[in-house]
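Engineer: Below is the structure I would like to discuss, written out as structure tokens.
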Amino acid sequence: MHIIETHLKRFLEEVVFIEIKQDKKIALRTIELDPSIPIPVYIENLVETIKANDIEVIPPLAIIKGLVYVLGAEPDFEHGSYYVELISDIDIELPLKILNDALNFASIKDYYRAILYLNACLKMDPNSIDALYNLGRCYHDLHQETSETAYDEQSAVYFKKTIEVEPAFGLGYYQLGIFFYNRENFKQAEKLWIKALSFELDYDVKEEIVTFLGKCRDRSIYEEGYELVLNGRIDEGLELLKSIEEDHSEWWNLNFFIGLAYRFKEEHETALQYFLKVLTLNTGHIQTMNEIGICLLSLGDYNEALKYYKEALRLDPLNAEIICNKGIVLLNKGDLTEARVQFEKAFEQNPEDEVIQMWHAHINSINGF
């Protein structure tokens, strides 16, 4: 992740590496420091008068923070495993203290520093549920703050990891459900939330999941309905879509797929009413203009169909499908010359499209062309 790496690397500017003299024998609790490995020290904790190589009087906090910063900013640092040993040797409770510091940083919205500390925690224990879950939370909150998609995706990575490590971790399913809901994958969100409810959760979280499920139910029905329509099971899909129409008449995409189902059933007048409604809810939607044109063409209203295709091409001049359909309208109006121009344009834009190939061949077969 280039974005987060850039932010984390900046923390290394607050660290200096100190080499221990070969003749120095400095022990922590049980480990004697290896003079061949430089020790990272947090600059701000150093007293100005301390010499850079006088590690015996450097505040322990400076060493601890230096170790955390390096582990957090560069988890694959060559001496990382050694630094982990040092942290545990300094204080067996130190990993927990570092985790608490991370949570405190997150609570004041210092998310990058929180991620730095949580990365260090994960280096010490790769399967730490607390570190994994709170990393997911930090990335989620950063996404909310910055709208960076990469942060949202990274949050899902950590939430997935929590339930891989601990399959009964309800909060992991809950947070993943939010991720998929925001991506409009409602069936997956619903599945995850139902799973989450089977585990122990705080009452407030369960209440929130129930509220989400209420919102998700109809969106899941919509998702299943339009998939059925697109897969050719028109009547089944239409039945599902119509079942939520009354409660969600303002959803333009719901109206679009109901219209599409009626168009597939060749009930063009009914389909047209839905598509016209879509344009009032989502002005300038190109595909809806195309569908309106198809319905008007089927109803024999060529002049009105032509108006919609002209408007669609004003918004999207290189849309091969629209160009081709405009050509079909002109052909039906008897304007072979202009129809041929449109089919040629469509073929130039997308010569691989089978429908365009068919109409291109058809116009060239008329009158010996």
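The values are calculated or read from the model by the stated rules, or taken from the named source; none is laboratory data. What you see is a predicted model; the values in this text were computed from it and never measured. Here the Cβ positions follow ideal geometry from the backbone for every residue, glycine too, while neighbour counts run over all protein chains shown.
Engineer: Can you tell me which residue in region 207-244 is modelled with the lowest pLDDT, limited to those that are exposed (fewer than 15 other Cβ atoms within 10 Å of the Cβ) and farther than 30 Å from Ala271 by Cα?
Structural biologist: It comes out as Thr211.
Engineer: Right, Leu96: surrounded by fewer than 17 Cβ atoms within 10 Å (Cβ to Cβ), part of a helix (DSSP H, G or I) and at pLDDT 85 or above or not?
Structural biologist: yes
Engineer: If a residue must be more than 14 Å from Gly72 (Cα to Cα) and part of a helix (DSSP H, G or I), how many such residues does region 106-133 contain?
Structural biologist: So the count comes out to 5.
Engineer: Let me ask you something else. Report yes if some residue within region 42-61 is surrounded by 17 or more Cβ atoms within 10 Å (Cβ to Cβ), under 22 Å from Cys121 (Cα atoms) and either at pLDDT 80 or above or under 31 Å from the mean Cα position of the chain (by Cα) (or both); otherwise report no.
Structural biologist: Yes, because at least one residue in region 42-61 is surrounded by 17 or more Cβ atoms within 10 Å (Cβ to Cβ), under 22 Å from Cys121 (Cα atoms) and either at pLDDT 80 or above or under 31 Å from the mean Cα position of the chain (by Cα) (or both).
Engineer: Can you run down the residue pairs with Cβ atoms below 8 Å, 6 or more apart or on separate chains, where the first is in region 328-356 and assigned to a helix (DSSP H, G or I) and the partner is surrounded by 14 or more Cβ atoms within 10 Å (Cβ to Cβ) and hydroxyl-bearing (Ser, Thr, Tyr)?
Structural biologist: Pairs found: Val329/Tyr302; Val329/Tyr309; Asn332/Tyr302.
Engineer: Here's a follow-up. Suppose we filter Ser243, Ser198, Ser220 for residues that are over 30 Å from Leu315 (Cα atoms) and touching a Lys or Arg at 6+ places or on another chain (Cβ under 9 Å); which single one remains?
Structural biologist: Checking each option against the conditions leaves just Ser220.
Engineer: Are any residues in region 65-90 under 17 Å from Tyr42 (Cβ atoms), part of a loop (DSSP other than H, G, I, E, B) and without any contact (Cβ under 8 Å) to a residue 40 or more places away in the chain, and if so, which ones?
Structural biologist: Answer for region 65-90, where residues must be under 17 Å from Tyr42 (Cβ atoms), part of a loop (DSSP other than H, G, I, E, B) and without any contact (Cβ under 8 Å) to a residue 40 or more places away in the chain: just Phe77.
Engineer: Further question on the same structure: Output the number of residues of region 251-261 satisfying the condition of being surrounded by fewer than 22 Cβ atoms within 10 Å (Cβ to Cβ) and more than 26 Å from the chain's Cα centre (by Cα).
Structural biologist: 0
Engineer: Please find, within region 193-227, the residue that is farthest from the chain's Cα centre (by Cα) out of those that are among the aliphatic types (A, V, I, L, M) and either assigned to a loop (DSSP other than H, G, I, E, B) or under 30 Å from Ala261 (Cα atoms) (or both).
Structural biologist: Selected residue: Leu201.
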